[in-house]
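Since every read-out is calculated from the coordinates, none of them should be taken as a lab result. All values reported here derive from a predicted model rather than from experimental measurement. Because the Cβ atoms are built from the backbone with ideal geometry, glycine has one as well, and the counts that use them run over all protein chains shown.
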Amino acid sequence: MTDDFNAMLEPGMLVRHPDAPDWGTGQVQSNIDGRVTVNFREQGKVVIDGSRVMLVPVLDA
């Protein structure tokens with residue numbers, strides 16, 4: 001169920017990690033087989049397992 005939104009993520013989209021608000025806004029770099037690579041402003045590049053973490057879209061950037 002958690003990968004429903006994540007499956008729609010495309011490079012360039014902005015997201016936040018629900019369990020790491022201090023990472024700031026991240027930009028999706030890739031989304032391959034449920035593994036979403038995001039470059040976060042305060043954390044850097046992170047690969048996220050889309051089946052375990054539901055990223056939150058940032059619509060008011």
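Numerical summary
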{"item": "Those residues of region 4-61 which are touching a Lys or Arg at 6+ places or on another chain (Cβ under 9 Å) and of a type in the set (D, E), in sequence order", "result": "D49"}
{"item": "Condition check for G50: in contact with a strand residue (DSSP E or B) (Cβ under 9 Å, 6 or more places away or on another chain) and small (G, A, S)", "result": "yes"}
{"item": "Per-region count, region 1-55, residues outside any strand (DSSP E or B) and among the basic types (K, R)", "result": "2"}
{"item": "Residue pairs meeting the criteria (Cβ under 8 Å; at least 6 apart or on separate chains; first free of Cβ contacts under 8 Å to residues at least 12 places away in the same chain and closer than 14 Å to P11 by Cα, in region 32-57; second of a type in the set (D, E, K, R) and assigned to a strand (DSSP E or B))", "result": "T37/K45"}
